[in-house]
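Inspection log for the structure reproduced underneath, given as structure tokens.
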Amino acid sequence: MEARQILLIAVLTITAVPAQAVIMDSINTDQPAAGSDWSPVSEVGWVYSPDFSYTLTGIQTRFGDTGAPPTGAAEITVEVYYGLPGAGTLLRSANFYFSGWPGFFIGGSFEPLQIVAGEDYFIGFRNISYMWLNSAWSGTMLSAYGDNINDGTYSNIITGDNHIHPILQFHGVPEPSTLLLLSFSVILLRKKF
């Protein structure tokens, strides 16, 4: 089979079969969740600048490994902003409920969103109180913001360690160009061997 025929088949396959969502990026997923609570905060979030572009379809987080679910909150709202909230634009919002507490990843899915490498996004969680988060000193720190208003302002910078080591998973699908590069790799390997 000629290289052009293989390429045509690869392109048709890419366009005909949508890629499955996978974990595209993660932060501190190898770190333990905290086992102690911190002061009441109704909303908290972190600035996220991805190293590569992809289509984001959902976000999961893992709260504490001990204790009870957040006081007075069974439903959490996850929000994705372009730029900081207040000055930025809300791109996606999704609600999810606690299940499998404690220590399991929980999160929400939403309409696909193109994430661009090197741009600043803000990942926020609202409707929380006495939340347990990762407090490991060895974790990756992100710029953190929070407030107790629960209106999406996330106006106060939080400096405590419990707030700057989020545990996050970003679910999505690779860009079509990434899949196309993989197809070219297959072609080159077939020609070589």
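The values are calculated or read from the model by the stated rules, or taken from the named source; none is laboratory data. Remember, predicted model here, so these are calculated numbers, not experimental data. Neighbour counts run over all protein chains shown; Cβ positions are idealised from the backbone, glycine included.
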So, in region 151-167, how many residues would count as being in a loop (DSSP other than H, G, I, E, B), within 18 Å of residue 63 (Cα to Cα) and either within 19 Å of the chain's Cα centre (by Cα) or at pLDDT 80 or above (or both)? 4
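Mind listing whichever residues of region 45-75 are hydrophobic (A, V, I, L, M, F, W, C) and modelled with pLDDT under 85? Full working, then the answer.
In the first step, residues of region 45-75 are kept if they are hydrophobic (A, V, I, L, M, F, W, C); the result is 46-47, 52, 56, 59, 63, 68, 73-74.
Selection gives 63, 68, 73, 74.
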Pairs, first among the aromatic types (Phe, Trp, Tyr) in region 48-61, second in a strand (DSSP E or B), C-beta under 6 Å, six or more apart: 48/121; 48/123; 54/24; 54/115; 54/172
Conditions (1) surrounded by 15 or more Cβ atoms within 10 Å (Cβ to Cβ); (2) assigned to a loop (DSSP other than H, G, I, E, B); (3) at pLDDT 65 or above; number of the one not met by residue 129: (3)
Go through the residues of region 10-30 one by one and say whether even a single one is at pLDDT 55 or above, under 17 Å from residue 169 (Cβ atoms), touching a Lys or Arg at 6+ places or on another chain (Cβ under 9 Å) and surrounded by fewer than 18 Cβ atoms within 10 Å (Cβ to Cβ). yes
